[in-house]
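Below is one structure; the comments refer to it alone.
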Amino acid sequence: MEKRLVGLYKRLLVYLPQNFKDKFAEEMETVFTGRIREVGSRGRRAMIRLFIGELLAQPGLWLLAYQRERRVLKMNGSQVSTMSNEQASWKAAIAAVLPLVCFPLLFLSYGAIRDLLYAAHLDSLFVILMTDVTTFGIYIPFYLLLLFGFLFAWLRDFPRWSYTYLGWLMIILISGLGISELNDPYLKYLKLIWGPFLVALLIAVLLNPTIKPLKALWRSWLWDWTLASFMLFSILEFMVVLSFDEMPGPSVSGVFWQGLAVAVLVGGALWYMRASGRGRRILILLGSSALSIAITFGVNAYYWHNYPKPNIQFPIDGYTMITQGMNFMLVVFAFLLAPALLSATLNRIFPKQLTG
Amino acid sequence: MPEIIQDYLPLTETTFYILLSMAVERKHGYAIIKDMEALSKGRVVPSTGTLYGALSRLLDQGLIERVAEENPEEVGRPRKFYSLTKFGSKLLEAEMERLRSLVVTAEQRTALNME
C-alpha cells in the first residue's frame, strides 16, 4: 500500500513543469514518503486520506508552478522550441501514437463483445449493451485522453506528439457541430462534446494565460509542413477503421485486415516521430498511408465484390457505399499529400527561409 | 525597505507558519510540516504540494533561501534546508508586530466595554 501510494504520487509529480520538477520533485517525493510512513501506523484509511489531500492540492500547485515556469522562461529569455528536426524521444513517440492505438482498440472491443453475444445467443444482454449511453460511453475515456493531451500540449507549446491529438479532436469537435446529415442516434450526445473541450481550454488558459502556445503552433506548422500531414493521419485512421465497419460479424478476416491497416498507420506514426529530418518524415508518412490505404481498398473491394448482392440489407447499395467511401479516402489521402508536397517544393525554392 | 515589507502584509496563515518554523533554525521540508502542525496545534497541516508551492513562491520573493548540505552519514543527494533571509526575518517581525497591535487594540476596546 505504502509503495503503491508513493508510486502514484511520483506519477503526479511527472506532470509538473520541467523547472519546478527539476528543483523540487525529489524533495517532494522524500517528504511524501516520510509522511506516508508516519501515518502508516494509523492504518490504510489514514494513508488514503493523506494521498487524497495531496491529490486535491495538485490543481493549485500546477497553477502556481506553471505560472512560475512562465516567469522563469521569460526572465531567461528562453522558450521551448517545437521547431526541431531531431528525432523525438520514445516517450514522445508513444504519446503520439496513444490515440491512434486507443480508438481502434475501443472500436474493435465493442464490436468483439457484440459479436460474441450474437454468437452465444445472448440477445437480451445485447439489447442492454446496445443502448445509446453504453455505445457512446465507451468513447468517453478516449475523449478524456484527447483532452488531457490537448491540455499538456498547450502547456508545452504544442510539441510534435500533440498533432495526433489535435487531428482526433478536430474530427470530434467538427462532429459536435451537428452539421452531419447522417441520421445518427448519437448526434444528441455529440452536441454535448464542446462542453468538456471548452472546460479543458479554460483550464489550459488559466494555467498558461498567453497566446504563446498558439503562436508556437502556427510557427512550427509553417516551418514543418509534415506536421499538418501528421495531424491528418488521425482522420486517415478514422476512415480506415470505419471502412471495415460494414463487414458483418463475426468477420475474423475483416478484423485482421482492419488491424493490419491500423498497425501500418501506428507503425508509420512511431517511425515518423523517431525519424530525424523532414524529408525522411515525409516519406514515412506517405509510405505508411499509401500501404494502409492499399490494404483497406484491396480488402474492401475483394469483400464487396464477392458479396451476393440480393442479400445486402443496408439502405445504401454496398457497391455505392464503398465507392463513396473510397472516393472520400482518396480525398483525405490527397489532403495528406498536399502539405508534404508543398513542403518539399518550398524547400527547393526557398531553402534558407524554411531552414534558417 | 519598510514600504516593500508593507506590500507583503498581511501574511496568510500558511505563510506565517512556514516563516515562523524557520525563525529559530533552518529546516528541511518534512521538518517544516511537522513544526507547522505543532505550532498551530494541529490546525494547519499543509499537503506536500501546498508546502512546496509556497516554498517556491517564498524563494522567488527572496524571503527564504535554500541550502544543500551534505551529510556524511546519509547516502544520496545532499539534503535541502530552508532558512529565512534577512528580508524574510524582517517581514516575520513586521507581521508579528501587526498581529500584536491588533490584539492590543482589541484588548483595549474590550477592556473599555467591561469598565
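What follows draws every value from the coordinates through simple rules; no lab data is involved. If you're wondering where the values come from, they're calculated on a predicted model, not measured in any experiment. When we count neighbours, we look across all protein chains shown, and the Cβ atoms used for this are built from the backbone with ideal geometry, even at glycine.
A few remarks follow.
- Flagged links, alpha-carbon separation over 19 Å, of A:21/B:86; A:10/A:91; B:27/B:80; A:23/B:80; A:21/B:80; B:34/B:80: A:21/B:86
- Here the label points at residue B:86 and residue B:100, each 7 Å from Cα along the C-beta direction, are separated by 2.1 nm in the simple model.
- Between 0 and 90 degrees, the angle of helix B:48-60 with respect to the longest Cα principal axis of chain B falls at about 80 degrees.
- Going from the residue with the fewest nearby Cβ atoms within 10 Å to the one with the most, B:92, A:291, A:61 rank A:291, B:92, A:61.
- Shown for B:44, A:266: other C-beta atoms within 10 Å of each C-beta, ranked fewest to most, produce the order B:44, A:266.
- Simple spin-label estimate for residue A:245 and residue A:92 in nanometres, 7 Å along Cα-Cβ: 3.4
- At R0 = 30 Å, FRET efficiency that the Cβ-Cβ distance of residue A:121 and residue A:8 yields, to 0.05: 0.10
- Per-residue ellipticity at 222 nm, computed for chain B from helices alone with -39500 (n - 2.57) per DSSP H run of at least four residues, works out to -19500 deg cm²/dmol.
- As a rough footprinting exposure proxy, the listed residues A:286, A:198 were ranked by other beta carbons within 10 Å of their own, and the order from fewest upward is A:198, A:286.
- Mean per-residue shielding of peptide A:10-20 is 1, counting Cβ atoms of other chains within 10 Å of each Cβ.
- Residues residue A:105 and residue B:61, FRET efficiency given R0 of 41 Å [Cβ-Cβ distance, rounded to 0.05]: 0.25
- Distance in nm between pseudo-label sites at residue B:69 and residue A:44 (7 Å out along the Cβ direction from Cα): 4.0
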